[in-house]
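I have placed the structure first, in the form of structure tokens, so that the comments after it can refer back to it.
The values are calculated or read from the model by the stated rules, or taken from the named source; none is laboratory data. For clarity, every value in this text was computed on a predicted model and none was experimentally measured. Note that each Cβ is placed from the backbone with ideal geometry, even for glycine, and that neighbours are counted across all protein chains shown.
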Ligand SMILES: [Zn+2]
Ligand SMILES: [Zn+2]
């Protein structure tokens, strides 16, 4: 995802200086099997801190998911908050940090003063994916017997006898025969 800002000007500014950016990025694939069907849009505020730049904002995008009940693909609106501090390097680096400190390289502003927000946005949108997506809150799902999509109407199986009756009938049978069930 290409969401890059040259922040040289902001790094030269005093601590507390801010810049506001709107995001509009075209990416098709968020992850192996997660496809976006809209651009990623949003707004972020870049704040100069002592160590680099704090990015805060919100992004949203539409993604195509399969309903966990009826398996039908549908469009879901993803929204995620972004809040990460990117560390300055090179001439803007803060000296009082160990240079060999283990760090997330996605959160480093490179030597050309380019802050790349792409990976952070991708990860936050992935975290916002629902575990059990449903096409609508009252989705009726599929019939467990014949697999018919019950949102499209009832299937033949709905006439079946109430399973609670068959349990009672089995109990009565086992009493009469003097043997346990089975
Ligand atoms: Zn559904
Ligand atoms: Zn059925």
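When you go through (1) surrounded by fewer than 11 Cβ atoms within 10 Å (Cβ to Cβ); (2) in a loop (DSSP other than H, G, I, E, B); (3) modelled with pLDDT under 90 one by one for residue 144, which number turns out not to apply?
Exception for residue 144: condition (3).
Among (1) out of contact with any strand residue (DSSP E or B) (no Cβ under 7 Å at 6 or more places or on another chain); (2) surrounded by 14 or more Cβ atoms within 10 Å (Cβ to Cβ); (3) in a helix (DSSP H, G or I), there is one condition residue 157 misses while meeting the rest; what is its number?
Just one mismatch for residue 157, condition (2).
Could you check, for region 12-30, whether at least one of its residues is under 23 Å from residue 131 (Cβ atoms) and in a strand (DSSP E or B)?
yes
Does at least one position in region 60-83 carry a residue that is away from ligand 2 (no atom under 16 Å from the Cβ), at pLDDT below 95 and not in a strand (DSSP E or B)?
No, every residue in region 60-83 fails to be away from ligand 2 (no atom under 16 Å from the Cβ), at pLDDT below 95 and not in a strand (DSSP E or B).
Would you confirm, using the coordinates I've provided, whether residue 30 is surrounded by 15 or more Cβ atoms within 10 Å (Cβ to Cβ), closer than 29 Å to residue 6 by Cβ and under 13 Å from the mean Cα position of the chain (by Cα)?
Taking the combined requirement at face value, the residue satisfies it.
Here is a check on your reading of the model: is residue 25 in contact with a strand residue (DSSP E or B) (Cβ under 9 Å, 6 or more places away or on another chain) and under 19 Å from residue 124 (Cα atoms)?
Considered against the rule, which asks whether it is in contact with a strand residue (DSSP E or B) (Cβ under 9 Å, 6 or more places away or on another chain) and under 19 Å from residue 124 (Cα atoms), residue 25 comes out as yes.
Pairs under 8 Å by beta carbon, first residue free of Cβ contacts under 8 Å to residues at least 12 places away in the same chain in region 16-42, partner part of a strand (DSSP E or B), six or more apart or different chains?
Listed by first residue and then by second, the contacts come to 28/35; 28/36; 29/35; 29/36.
Condition first: part of a loop (DSSP other than H, G, I, E, B) and at pLDDT 80 or above. Now tell me which residues in region 95-110 satisfy that.
109, 110 - these are the residues of region 95-110 that are part of a loop (DSSP other than H, G, I, E, B) and at pLDDT 80 or above.
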